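Quick note: the coordinates plus some simple rules give every number you see, no bench work behind them. Keep in mind that what you see is a predicted model, and the values were worked out from it rather than measured.
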Amino acid sequence: MTAQSAQPWLGTVQGRVALVTGGTRGIGAAICRQLAADGAVIAVGYWHGHESAEKFAASMAAEYPGRRITLHEITAPVLDGEAPAAAAKKTAAAK
């Protein structure tokens, strides 16, 4: 049972874009996996560690074949709004 099925009033993430900053490690990686399992399009944001971020994206692609998963280096502060918004738009536009 997923968290969504336990709480049906939350709706679904199927096909929606989820930007997870810090998504390549720890809690962020777990969130990415759960959202992918629930059908979301995943925009994985990371700040540093490009090589490990690439490995994480590859593992996600293998674990969730056919799921749209994109990787984004977030160089500007997340609070400024532009970098996360650009990453989400880029992910939504990807084919």
Worksheet item: Relative contact order for the stretch 12-88: what is it in percent, counting Cα pairs under 8 Å that are at least 6 residues apart?
Response: 31 percent
Practice prompt. Quote to one decimal, in nm, the extra length available between A37 and H50 on full extension: 0.36 nm per residue of separation minus the C-alpha distance between them.
Written response: 2.3 nm
Discussion item. Could you compute Rg(Cα) / (2.2 N^0.38 Å) for the stretch 12-88, with N its residue count?
Written reply: 1.00
